[in-house]
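One structure is given here, and the rest of the page talks about it.
Computed from the coordinates by the stated procedures, all read-outs in this text should not be read as laboratory data. Remember, predicted model here, so these are calculated numbers, not experimental data. FYI the Cβ positions are ideal-geometry reconstructions off the backbone, even for glycines, and counts take in every protein chain you see.
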Amino acid sequence: MDESILRYASPDEVVRLAKEAGMTTGQIVRIVSGCLPYREALKVAHDYAPLLEISVSEFMELRKNE
């Protein structure tokens, strides 16, 4: 999957496309938050965690477990 397309899609669309491509939750988390500082990643976590059916703290934990 071309990860650059994910930058311009809504969170719902990002999750749908990534899951269709067979990506794991951890891979999705790292793509949407990988290069962000902690504060920005926390904002992203609040948007994406419910869509990924995980908690914000689980999102942040997956983000750092590479």
Would you work out which of Tyr38, Met60, Ala49 lies farthest towards the positive end of the dipole of the chain, given +1 charges on the beta-carbon of Lys and Arg and -1 on that of Asp and Glu, about the Cα centre? Tyr38
So how strong a dipole does region 3-64 carry about its Cα centre when Lys and Arg Cβ are +1 and Asp and Glu Cβ are -1, to the nearest 20 debye? 220 debye
Which entry in (1) 3, 17, 20, 21, 17, 11, 6, 3, 1, 0; (2) 3, 19, 34, 27, 15, 1; (3) 4, 16, 21, 19, 13, 11, 8, 5, 3, 1 matches P(r) over Cα pairs in 5 Å bins from 0, in percent derived from the coordinates of this structure? (2)
